[in-house]
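Read through the structure below, which is laid out as structure tokens, and then see the notes.
The values are calculated or read from the model by the stated rules, or taken from the named source; none is laboratory data. Just so it is clear, the model here is predicted, and its values are computed rather than measured. Glycine gets a Cβ as well: all are built from the backbone with ideal geometry, and neighbour counts include every protein chain shown. What goes into the accessible areas is simple: the full protein's heavy atoms, side chains included, and nothing from ligands, DNA or RNA. Shrake-Rupley method; radii C 1.70, N 1.55, O 1.52, S 1.80 Å.
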Amino acid sequence: MIIDKLNFVPLNPGVYMMRDERNNIIYIGKAKSLKARLSSYFKSGSHDAKVTAMLASVVDFDYFLTKTENDALALEANLIKKHMPHYNILLKDGKSFPYIKIVDGEFPYLEVTRKTQSQIKSRDKYFGPYFNGIWARELLETIKDIFPIRSCNNIEFKRGVACINYQIERCMAPCNKLITKDDYVQIINNIKSFLRGEKEFGAREILTRKMETAAELEQFELAIKYRNGINFLDKLGERTIAQVARDLNVDVFAIITKGEIYVTSVLTVRAGKLIGIQNFFGDNKGVESEILSSFVMQYYQTNPIPEQIVAEIELDEVAQTLGCQVFNPKMAIKKKLLEMAQANANEYIETSIEKIKFKHEFTHGACGELGNVVGMQRIPHKIECFDVSHMGGEDMVASMVVFIDGVAQSKLYRRFKIKHGEGNNDYLSMQEVIKRRIARIGTNDPSFGTCPDLIIVDGGKGQLSVVVEIFENLKDIEGEQVHELDNREIQKIHDIQLIAIAESNEEIFVPHQKEPIVLSRRSYALRLVQRIRDEAHRFAITFHRKKRGTK
């Protein structure tokens, strides 16, 4: 089937998606020539172990045509973020660091945020990230002590009344039209230059003068605040890299692979200062020539794009797609920065290899063990767990938590208000929730649209049996969504593995199996089920308490 399908694949650039026997997307890639790339997979017998392992699961593929290879690169990043295929390079271990955002408007203001938007879609400006001892909020307060800008939100601003910040010379009161728009914008431009490291605008002198004035007026707490601001400027200065231009803003990428694991280090330089280094690790199962470009594109799905990028390989397509300069340096300071990132990646993988392996066993490895234990023929990629919470039948709610490859995906969690009105009936409540969840398979909802591989029910044999009834009678589910699905999608619903865990003895129940499965307390599979069950329980109780508190 696949070989026949290859004959009709065009030579155009585009993005391809590999699918397994359950129609799940397991790998997404881009190509300058779709036909050449896909043929290299299926018509060539020479592949390394990682690609061979992936191809063993592939039964079909899809593709999208794009006008250019750059368009394919951008589309690939978006699709990877949406579908999170198992064999792609995902950003693991990445933390959400704070940024300082200049919120666009007639009179812009500053705030600290951990969420960034595409620079194409937003006119807001982001500076950062700030980590490793550089506190964004402390920096923001220091900026406000130096530059007289508004601190109020838009609701307060619209009142048009000058606040105490105007009286203490911390704001020029644009709300009361005591400063022109042009003069205010100039202050904002100065802040941008300050954050880029281009000019200090006498920051230390301003803070010193304010500290001395506050001390003379015996406003000692305020004087200490200004002194802390001066110390903070010193801390920033200590991070200046010798021989680096003060206005240099660059991200440096280095990647090290060892066996089935890779580590990517991202070194962040802002305003000529080394802000910090982040390490990301993952399973080294992708096509190695595409690892770094794919990683960089995914990284900038959630991070602002700097003026320059440094990497150890040529990334011309990435540069054109992101609209910034990308260097593969052979000498000078950028080469030293790259060597610093490479050394950090190598050090991290050498010193953390056991920790990384343990985390892998605790997550994806535990999924594989769990699949074997409950008799699945595949590793459960997406796991959902449901729990019901109430107090004597009052304020009945339920929760759904989602884990992918053993890792919680809080953005996909969902809550339910029980509607059956039959009082304290946990069985009926669980049936209602599962029906409502199954009825939305095939929709565009990121939580409900795709089938889980495994559903865990919090409870014992009784709870499991009432859920099994639903899957044996899909035609009884209210709504038309399930009935509109094709036979392949219906089969995927039937293929969902169901289990329940009884909290009393931590026994796992499987449909049509009389005796429960009792696992060792040290089993990674049991720990995974317990972790997912406890998360569903926590999420349900939190919602129940919130619902009760609103009465």
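Just one of the numbered conditions (1) assigned to a strand (DSSP E or B); (2) within 20 Å of Ile501 (Cβ to Cβ) is not true of Ser465: (1). Could you list, in sequence order, all residues of the range 499-551 that are open to solvent by 40 Å² or more (accessible area, probe 1.4 Å), of a type in the set (Val, Ile, Thr) and farther than 18 Å from Phe416 by Cβ? Matches in the range 499-551: Val518 only. Within the range 452-474, being open to solvent by 10 Å² or more (accessible area, probe 1.4 Å) and closer than 19 Å to Ile490 by Cα holds for Val468, Glu469, Phe471, Glu472, Asn473, Leu474. Selection of the range 301-321 for residues being without any contact (Cβ under 8 Å) to a residue 60 or more places away in the chain and either part of a loop (DSSP other than H, G, I, E, B) or open to solvent by 50 Å² or more (accessible area, probe 1.4 Å) (or both) yields Pro306, Glu307, Glu312, Ile313, Glu314, Leu315, Asp316. Hey, could you check the range 270-300 for residues that are open to solvent by less than 30 Å² (accessible area, probe 1.4 Å), modelled with pLDDT under 85 and among the β-branched types (Val, Ile, Thr) and say which is farthest from Asn344 (Cα to Cα)? The extreme case among them is Ile291.
Taking the range 379-396 as the search range and keeping residues that are part of a loop (DSSP other than H, G, I, E, B) and closer than 23 Å to Val407 by Cα, which one is most open to solvent (accessible area, probe 1.4 Å)?
Here the answer is Ile379.
Taking the stated definitions as given, is Ile102 touching a strand residue (DSSP E or B) at 6+ places or on another chain (Cβ under 8 Å) and either modelled with pLDDT of 85 or more or under 20 Å from Tyr226 (Cα atoms) (or both)? Answer is yes for this residue.
Kindly evaluate Met376 against the criterion of being of a type outside the set (Phe, Trp, Tyr), in a loop (DSSP other than H, G, I, E, B) and at pLDDT 85 or above.
In short, yes.
Here Ile155 meets each of (1) within 24 Å of Asp104 (Cα to Cα); (2) surrounded by 13 or more Cβ atoms within 10 Å (Cβ to Cβ); (3) out of contact with any Lys or Arg (no Cβ under 9 Å at 6 or more places or on another chain) with one exception, condition (2).
Here Ala500 fits the description: part of a strand (DSSP E or B), touching a residue at least 24 places away in the same chain (Cβ under 8 Å) and not polar (S, T, N, Q). Of the residues that make up the range 330-351, is at least one outside any helix (DSSP H, G or I) and surrounded by fewer than 17 Cβ atoms within 10 Å (Cβ to Cβ)? Looking through the range 330-351, at least one residue is outside any helix (DSSP H, G or I) and surrounded by fewer than 17 Cβ atoms within 10 Å (Cβ to Cβ). Of all residues in the range 78-87, none are over 30 Å from Asn487 (Cα atoms), of a type in the set (A, V, I, L, M) and either open to solvent by 40 Å² or more (accessible area, probe 1.4 Å) or in contact with a strand residue (DSSP E or B) (Cβ under 6 Å, 6 or more places away or on another chain) (or both).
The single residue among Met211, Met172 that is in contact (Cβ under 8 Å) with a residue 24 or more places away in the chain and open to solvent by 30 Å² or more (accessible area, probe 1.4 Å) turns out to be Met172. Close contacts from the range 384-413, counting a first residue that is free of Cβ contacts under 8 Å to residues at least 12 places away in the same chain and a second that is open to solvent by less than 20 Å² (accessible area, probe 1.4 Å), with Cβ to Cβ under 7 Å and a gap of 6+ residues or different chains, come to Gln409/Val402; Gln409/Phe403.
Taken over the range 184-202, the residue count meeting the criterion of being of a type in the set (Gly, Ala, Ser), free of Cβ contacts under 8 Å to residues at least 60 places away in the same chain and surrounded by 13 or more Cβ atoms within 10 Å (Cβ to Cβ) is 1. Within the option set Gly423, Gly375, Gly406, being of a type in the set (Gly, Ala, Ser), open to solvent by 40 Å² or more (accessible area, probe 1.4 Å) and at positive phi holds for one residue only, Gly375.
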